[in-house]
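No value in this document is a laboratory result; all are computed from the given coordinates. Since the structure is predicted, the reported quantities are computational estimates derived from the model, not experimental observations. Because the Cβ atoms are built from the backbone with ideal geometry, glycine has one as well, and the counts that use them run over all protein chains shown.
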Number of protein chains: 2
Amino acid sequence: MVRPTRQRAAVAAVFDELEGFHSAQEVHARLRTAGDTVGLSTVYRAVQALADDGELDSIRTDSGEALYRRCSTQHHHHLVCRSCGRTVEVAGPTVEQWADRVAGEHGFADVSHTLEIFGTCADCRVPTP
Amino acid sequence: MVRPTRQRAAVAAVFDELEGFHSAQEVHARLRTAGDTVGLSTVYRAVQALADDGELDSIRTDSGEALYRRCSTQHHHHLVCRSCGRTVEVAGPTVEQWADRVAGEHGFADVSHTLEIFGTCADCRVPTP
DNA sequence: GAGCGCCTGAGAACCATTGTCAACTCTGGT
DNA sequence: ACCAGAGTTGACAATGGTTCTCAGGCGCTC
């Protein structure tokens, strides 16, 4: 049984306030400085629980750190700027279908997939003369 | 100055022999069992150097482990069995184009992407009666 | 062959993440 | 309200991939 607790609410609240991706460590630090003492383990657990429930979306940085963010329930992918980290959510029915079809053709069932697109966004691109 | 050494050649050779993605740890273990003693640190350095040179491509697993593979001239993705780990290489021109187009629409340049498909292969699926 | 640097490698350090476990706190039944 | 039981918490230890350190090794050039 999942029980609503102060700590869980606190973690969820952080993602309501913040835009974009944030690490568990960051959430923990933020709660600490806000005077809201929540154990680090608890933050990790809460964040993972939220991710399991589909309330948070997670990606990995190049350094292997896990980042989470409040996301829409519908399945989508991310377009991430290599320079400033800005992310755009993109939906791609085409890709979903393609992935399912290809997997099916090879006899794979219960299919899921991960897709991240990286690039340099317009703001970060240096206007080379 | 970059100097060609036995160790670096050994690491590069591993990726010539192997298909798909492999971790630095795995490369190290493989060299060890092959009687080719190369320090773990050196494997990490070699792998990163190769990645910097664009000879290897890297991704992160869900657990945060870094995987590398030889950049084949031909771009493709992987269909991985969750149970036995069997992988199938799949090419998807559709996806490539879609990714480029979507990125372009959002003003992103210099686009790359990672895509992995997970599922349960026919052999591992339990024939539920 | 000699000297200069880059390179190597064993181990320690690092750090995000996960595991442990006793104490705690909801929740439902009485 | 009270109690019992089960989910939760949090300080701390442990884990594991990756990086750092530094003394010694080795390739290159002269």
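Here are the numbers for the structure shown:
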{"read-out": "Residue among B:V11, B:V43, B:V90 with the largest mean-square fluctuation in a Gaussian network model of chain B, springs linking Cα atoms under 10 Å", "value": "B:V90"}
{"read-out": "Distances in nm from A:E26 to the matching label points in the other copies, shortest first (labels 7 Å along Cα to Cβ)", "value": "3.0"}
{"read-out": "log₁₀ of I(q)/I(0) at q = 0.09, 0.21 Å⁻¹ - chain A, Debye sum with one point per alpha carbon", "value": "-0.35, -1.22"}
{"read-out": "Proportion of all alpha-carbon pairs of the protein assembly as shown beyond 34 Å (%)", "value": "29"}
{"read-out": "Simple spin-label estimate for A:Q97 and A:D62 in nanometres, 7 Å along Cα-Cβ", "value": "3.5"}
{"read-out": "Gaussian network model of chain A, springs between alpha carbon atoms under 10 Å - residue of A:A34, A:A46, A:A109 with greatest fluctuation", "value": "A:A109"}
{"read-out": "Average beta-carbon neighbours from other chains, 10 Å sphere, peptide B:94-104", "value": "5"}
{"read-out": "Choice from A:F108, A:F118, A:F21 with maximal GNM fluctuation in chain A (Cα, 10 Å cutoff)", "value": "A:F108"}
{"read-out": "10 Å Cβ neighbours from other chains, averaged over peptide B:53-59", "value": "1"}
{"read-out": "Separation in nanometres of the label points that stand 7 Å from Cα toward Cβ, at B:T33 and B:D16", "value": "2.1"}
